[in-house]
Amino acid sequence: MDWRIFITAFVTIFLAELGDKTQLANLSLSVRSGSWMSVFLGSLTAFAAVTLITVCSGAALSRYIRPEYIKYAAASLFVIVGLLMFSGRI
């Protein structure tokens, strides 16, 4: 295992997920259900499934598309979504 990539992925995802809608949903579900363990395990499983799909998709795309193009496309999408959010359309 490449620990540098592991740490980079961990820090990036950890910081990106702080205070997002997923955490607010988990907080709400935990308070409403009173079963923090069920909410934790459900959230963990869902996030793992989404991450698995994303990583496998990235691996498949990298066979056909150069990584630089994927990086540029992702950066462009982030900018577009940010501008739409800033303008109030999202």
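Restricting attention to region 1-51, the residues that are farther than 21 Å from Lys71 by Cβ and not charged (D, E, K, R) add up to 31.
The one condition from (1) modelled with pLDDT under 90; (2) more than 20 Å from Phe14 (Cα to Cα) that Gly58 does not meet is (2).
The helices (runs of 4 or more DSSP H) falling completely within the chain that include 2 or more residues that are charged (D, E, K, R) and open to solvent by 90 Å² or more (accessible area, probe 1.4 Å) map to 21-33.
The values are calculated or read from the model by the stated rules, or taken from the named source; none is laboratory data. A quick note: this is a predicted structure, and the numbers were derived from the prediction, not measured. In this analysis, Cβ positions are derived from the backbone assuming ideal geometry, glycine residues included, and neighbour counts consider all displayed protein chains. Note: areas computed on protein heavy atoms with side chains; ligands, DNA, RNA excluded. Shrake-Rupley method; radii C 1.70, N 1.55, O 1.52, S 1.80 Å.
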